[in-house]
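> Once you've had a glance at the structure underneath, I'll fire off some questions.
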Amino acid sequence: MAHNEHNKPKRSQSLFLIIFGAVLFMVGPTQYQNYPELAILALISGFILGGFGFYLKYVRGKANK
């Protein structure tokens, strides 16, 4: 079909994961200063969520084209 690429749904969850991971990566450690375990968990989970969103949006997206 001529309009196959046009009719594909947008992958907005990958962009949400990138933004949420970045916010969690930056804001999490400053909010949990009294609880260093939660600060480290927020740092690691922000890095993982942002990396997974980046993979879904850019790496996997390039392979499908």
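Nothing in this text is a laboratory measurement; each read-out follows from the coordinates by a stated rule. Since the model is a prediction, treat every value here as computed from it, not as a measurement. No Cβ is skipped: glycine too gets one built from the backbone with ideal geometry, and neighbour counts run over all protein chains shown.
> Roughly how many nanometres apart are two label points built 7 Å out from the Cα toward the Cβ at Ala39 and Phe52?
Output for this residue pair reads 2.5 nm.
> If the chain between Ser12 and Val59 were fully stretched, how many nm would it gain, using 0.36 nm times the residue separation less the Cα-Cα distance? Numbers along the way, then the final one.
Working: separation 47, 0.36 × 47 = 16.92 nm, distance 1.50 nm.
Fully extending the segment from Ser12 to Val59 adds 15.4 nm.
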